1. From the phi of every residue in the range 41-49, what ³J(HN,Hα) in whole Hz does the Karplus formula 6.51 cos²θ - 1.76 cosθ + 1.60 yield, where θ is phi - 60° and glycine or proline is x?
2. Cα extents of the range 35-77 along the three principal axes, largest first, in whole Å?
3. Would the range 80-124 count as rounded, prolate or oblate if I go by the C-alpha gyration tensor, calling it rounded below 1.5 in a/c and otherwise prolate when a/b exceeds b/c, oblate otherwise?
4. Dividing the convex hull volume of the Cα atoms of the range 27-124 by its residue count, what figure in Å³ per residue is obtained?
5. Enumerate by residue number the GluC sites (Glu not before Pro) in the range 83-124 meeting two conditions: DSSP loop (anything except H, G, I, E, B), and at most 14 other Cβ atoms within 10 Å of the site's Cβ.
6. Compare the peptides 58-68, 41-51 by average per-residue count of other Cβ atoms within 10 angstrom and give them in order, highest first.
7. Under a 1.4 Å probe, what is the accessible area of the range 55-124 per residue, stated in Å²?
8. If the cut-off is a Cα-Cα distance under 22 Å, which lysines reach K122, setting aside same-chain residues fewer than 8 apart in sequence?
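The values are calculated or read from the model by the stated rules, or taken from the named source; none is laboratory data. A quick note: this is a predicted structure, and the numbers were derived from the prediction, not measured. Virtual Cβ from ideal backbone geometry, glycine too; neighbours counted across all protein chains shown. For the accessible areas, the whole protein counts, side chains as well, though only heavy atoms, and no ligand, DNA or RNA atoms are used. Shrake-Rupley method; radii C 1.70, N 1.55, O 1.52, S 1.80 Å.
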Amino acid sequence: MFTNKTNVAIRIYGRIIIDRSLRARATFSTESSVEKLKSVMEDYRRNNFPQEMPSRVLKMIMKATDENQDGLISVEEIEHLLERIRASDQMSKNEIETAMSTLGLDQGVGVPIKKIQDLFLKKT
């Protein structure tokens, strides 16, 4: 079950406007898939929560994305997230699968939220 904070985040997702300049491409590398996912999420944060700490926004997004609250984020949950933030046209399913595999998809079930947060908050 979602908490009130999560419900607020989901309602917000439906009202965002996001830059559509990043389009899904037929060719990609594993590293660029992860960077692309990171970029989409950072664009969302910058456009909708510019005053919030990146770690706080990412935590809120991951909590809302983890639909079954198992602590793992699956490919399907990332697809749902991209739909909610109106960014589903920015990454193909293959790119999402590649990114999640690169992040360490656990037996096809999902990637631990902590691992995603650590990677996305790491300075490049």
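1. Each residue's phi maps through the Karplus curve to give 5, 5, 4, 4, 4, 4, 6, 10, 9 Hz.
2. Reported extents, whole Å, longest axis first: 29, 20, 13.
3. Since a/c reaches 1.5 but b/c is at least a/b, the shape of the range 80-124 is classed as oblate.
4. On the way: hull volume 9.0 nm³, N = 98.
Value for the range 27-124: 92 Å³ per residue.
5. Working: sites: E83, E95, E97; in loops: none.
Hits after loop and neighbour filter: nothing returned.
6. Ranked by mean Cβ neighbours within 10 Å, highest first: 58-68, 41-51.
7. Accessible area per residue: 50 Å².
8. Excluding near neighbours in sequence, the set is K36, K38, K59, K63, K114.
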